[in-house]
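The values are calculated or read from the model by the stated rules, or taken from the named source; none is laboratory data. What you are looking at is a predicted structure, and each value in this text was computed from that prediction instead of being measured. Note that each Cβ is placed from the backbone with ideal geometry, even for glycine, and that neighbours are counted across all protein chains shown. Calculation scope for accessible area: heavy atoms of the full protein, side chains included, ligands and nucleic acids excluded. Shrake-Rupley method; radii C 1.70, N 1.55, O 1.52, S 1.80 Å.
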Amino acid sequence: FQNEINEVPFFDIQLPYELALKIFQYLGKSELGRCAQVSRTWKVLAEDEVLWYRLCQQEGYLLDMSISERSCWKLALKNCCARERTLKTNWKNRIGAVSQLPYELGKILCDVHTCDGVVIAGYTSGEVRLWDTRTWDYTAPILEPVHSPGDAGPQPHVSFVRINSSLAVAAYEDGTISVWSLMFGREPIHRYQHNQRIQALALGSEGATVATASGFEVKVESPNDRGFWQTTETFEIQKLVNFLNLVPDVTGNPVTVAAAEDIVYLLKAEDPGKILHSVYGQPVTCLDVSAREAAFGVKTFGWLLNEPNQILLYNLETSQCLKKMGNSMGDFTCVNLQNSPPNMLVTGNKDRRVRVFDLRKSESLCSLYAHQLGVSAVQMDDWKIVSGGEEGLVCVWDQRMGTKLWEMHARHPVRHVWFNSHSLITANIPDEKTPRGTSITDDDLTVHHKHRGIIYAYEFSVDQLPVESVLPICRSSYDEVTGYNYNIGLAVPYDNI
């Protein structure tokens, strides 16, 4: 493509088109709009597709597209910005659809995990289910368990479940671990066994690496070059593991961070017993790991020695403590470092507060009085915070204003919170897995509803038509709208049943 304009007037000189384009690359959206009003020649230059494609990429939109895939990148950027503004408005005003993911009758929810809108859940029946919440009217495929249906006795409960873009993993109470590939169907591609109950399970955010802790042993499993699964590393440690994380984006051998009571281990193949942090009598209460850093809460002696509980931040490459943050008499119950914006960290505490820290400072940026019984799950992005509490309340906050936007309540503690730009997944998981009267809950819907736990899926996307954005059972074929119906097409006698 040869542009017809060869010389572009720049005040009292004439510049070649390519050189003028180089100068315009340093301008933003509003500056390009002003330049387009100068003259016809500048308008052609300011609306060049290369400039708007680069702006679109810089702002994080349509990153997987090439410049030839769109005819007007200025319009594409405008549409992306409008969609983001509408999504933000929908989040703030709770406009959208909410769904309860279906559950198994008579069984109780044990653990939930989410990756990019795909939800995995394990039950006391031993079943593991998947949902893809990116499409409505989804069904839940059941992953085949380790134990064959002919085995005598009940199936063991599911202890932990994890999922990433390619794998799903479940750990059972009898020490069995099953690994499924999301590409190849419902049969496990790998199984292995621990002799004792599994205390922690970790799955790499990308790739195929699984770490499990049982007793005083941490085992790391991954496939070799030919695709055969094998035990990559086995570590013997001194105490029982409470928290386990795999460090993301590691080339070569996997690196595991394990918190065992008051010791934090950095487990590498070349240095199997390296201790990252250890203070006797100060147990670790929560843990999260990013590519270069580890953040964990430490319970100190409190009022005895006037030492408040803190969040410690360690560099994984140098093993040095970078920051000691927080000044709370309550224990830190959850921390989210990996999914937080750069240089930010969000924590939840037993003192019922959510705190946001800037890693370049030691004091908290904001402290929100969030829940009645302590915070159990938390996540943030550049403008909002979603927190879950032990009393079953999910709260959405505007971080900069420090105000609560809305809340949602269910019976059991919130153990899992995950969101992206347009959807939110929350899970209320019961602490009591074998409630009294459990023999009658198989048939009694009221008792089962009380004890089972629940998974909510919220969708704030504006891509769907108004008729398609509500749940299938609430969709109406009657198109006359009278008054505001809270975004629910209620059934009327004129419907086609």
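Worth pointing out:
- Scoring ASN339 on the criteria (1) in a strand (DSSP E or B); (2) open to solvent by 60 Å² or more (accessible area, probe 1.4 Å); (3) of a type in the set (S, T, N, Q) leaves a single failure, condition (1).
- Close pairs (8 angstrom Cβ cut-off, 6 or more residues apart or separate chains): at negative phi in the stretch 23-39, assigned to a loop (DSSP other than H, G, I, E, B) anywhere: PHE24/ASP48; LEU32/GLU47; CYS35/LEU27; ALA36/GLU47
- Selection within the stretch 391-432 - of a type in the set (A, V, I, L, M) and either within 24 Å of TYR103 (Cβ to Cβ) or in contact with a strand residue (DSSP E or B) (Cβ under 9 Å, 6 or more places away or on another chain) (or both): LEU393, VAL394, VAL396, LEU405, MET408, ALA410, VAL414, VAL417, LEU424, ILE425, ALA427, ILE429
- The stretch 400-422 - residue that is of a type in the set (Gly, Ala, Ser) and either crowded, with 19+ Cβ neighbours inside 10 Å or over 20 Å from the mean Cα position of the chain (by Cα) (or both) and, of those, nearest to ASN349 (Cα to Cα): GLY402
- Summed over the stretch 168-182, the residues that are more than 13 Å from GLU221 (Cα to Cα) and either basic (Lys, Arg) or part of a strand (DSSP E or B) (or both) give a count of 7.
- Applying the criterion of being within 20 Å of GLN338 (Cβ to Cβ) and assigned to a loop (DSSP other than H, G, I, E, B) to the residues of the stretch 254-283, the residue that is most open to solvent (accessible area, probe 1.4 Å) is LYS268.
- Selection within the stretch 87-118 - β-branched (Val, Ile, Thr), out of contact with any Asp or Glu (no Cβ under 8 Å at 6 or more places or on another chain) and closer than 15 Å to SER423 by Cβ: ILE95, VAL112, THR114
- Scanning the stretch 342-363 for residues that are among the polar types (S, T, N, Q) and open to solvent by 20 Å² or more (accessible area, probe 1.4 Å) turns up ASN343, SER362.
Rundown of residues vs (1) in contact with a Phe, Trp or Tyr (Cβ under 8 Å, 6 or more places away or on another chain); (2) outside the structural domain of ILE454 (by the TED database); (3) under 30 Å from VAL169 (Cα atoms), yes/no style:
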residue: SER71; (1), (2), (3): no, yes, no
residue: LEU101; (1), (2), (3): yes, no, yes
residue: ILE108; (1), (2), (3): yes, no, yes
residue: VAL112; (1), (2), (3): no, no, yes
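- Scan of the stretch 304-336 for residues that are surrounded by 18 or more Cβ atoms within 10 Å (Cβ to Cβ) and part of a loop (DSSP other than H, G, I, E, B), ordered by number: LEU316, GLY330, ASP331
- For the stretch 364-378, the criterion of being modelled with pLDDT of 95 or more, open to solvent by 10 Å² or more (accessible area, probe 1.4 Å) and of a type in the set (S, T, N, Q) is met by at least one residue.
- Residue that is nearest to the chain's Cα centre (by Cα) [pool: residues in the stretch 284-303 that are in a loop (DSSP other than H, G, I, E, B) and at pLDDT 90 or above]: SER290
- Under the condition of being of a type in the set (Gly, Ala, Ser) and more than 16 Å from ARG197 (Cβ to Cβ), the residues counted in the stretch 159-180 number 3.
- Of all residues in the stretch 213-226, those that are open to solvent by 10 Å² or more (accessible area, probe 1.4 Å) have Cβ atoms under 7 Å from Cβ atoms of residues that are in a loop (DSSP other than H, G, I, E, B) and of a type in the set (Ser, Thr, Tyr), 6 or more apart or on another chain, in SER222/THR209.
- Residue match in the stretch 83-101 (condition: under 30 Å from LEU143 (Cβ atoms) and among the β-branched types (Val, Ile, Thr)): yes
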